[in-house]
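A short worksheet on the structure shown next.
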């Protein structure tokens, strides 16, 4: 394999992890092949290469990672991002994975979770204060009234309540602070729904 596609590696690993969480076993190369759109032979070669790089464990039949090991013991791994989600006017957030935390599946579920800190005071009336740790479910389908991490049409990120204006036929982001104005958007990408709020110490 002359060219190793890092994005494909990421997709293979994430699919294998999610498959294990949902089915309690490692996916076969055929199952991975169907989802990522390459041949079984290519999947096998990628798995071998990923194992050599330390991205996964692969014994020729099963794929495992730190995340699947946690799931096996009733834990789920949530990515922790450095930086913070602004609870105010949308702004670009430079954030990357800083570490992982282990959360009990019995309490937090086993979704695709990530953790980020709130910044600002636009959500204080919803009990979200500056510095609070927010646990986000990246896979949950958002509903009107959910607190979401969203990108607006300028690809700026913010944490707000998702609402819909029937008269204007537009979504808008509502700050839970009566001194602030709603943010109407023409394009909206929801990156995740707030599942839990952990208050700062």
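Under the condition of being within 23 Å of the chain's Cα centre (by Cα) and at pLDDT below 95, which residue from the range 161-172 is surrounded by the most Cβ atoms within 10 Å (Cβ to Cβ)? Among those that are within 23 Å of the chain's Cα centre (by Cα) and at pLDDT below 95, it is 171.
When the range 8-38 is filtered for residues that are at pLDDT 90 or above and loosely packed, with under 12 Cβ neighbours inside 10 Å, the ones remaining, listed by number, are 30, 37.
The set of residues from the range 129-149 being within 14 Å of the chain's Cα centre (by Cα), without any contact (Cβ under 8 Å) to a residue 60 or more places away in the chain and within 27 Å of residue 200 (Cβ to Cβ) comprises 136, 137, 138, 139, 140, 142, 148. When 56, 128, 85 are checked against the criterion of being at pLDDT 90 or above, closer than 30 Å to residue 156 by Cα, buried (at least 16 other Cβ atoms within 10 Å of the Cβ) and touching a strand residue (DSSP E or B) at 6+ places or on another chain (Cβ under 7 Å), a single residue qualifies: 128.
The strands (runs of 3 or more DSSP E) found wholly in the range 97-163 and carrying at least 2 residues that are assigned by TED's automatic domain parsing to the domain that holds residue 85 and farther than 26 Å from residue 69 by Cβ occupy 113-119, 147-151.
The values are calculated or read from the model by the stated rules, or taken from the named source; none is laboratory data. Source: prediction; values computed, not measured. Using ideal geometry, Cβ is built from the backbone for each residue, glycine included, and neighbour counts are taken over all protein chains shown.
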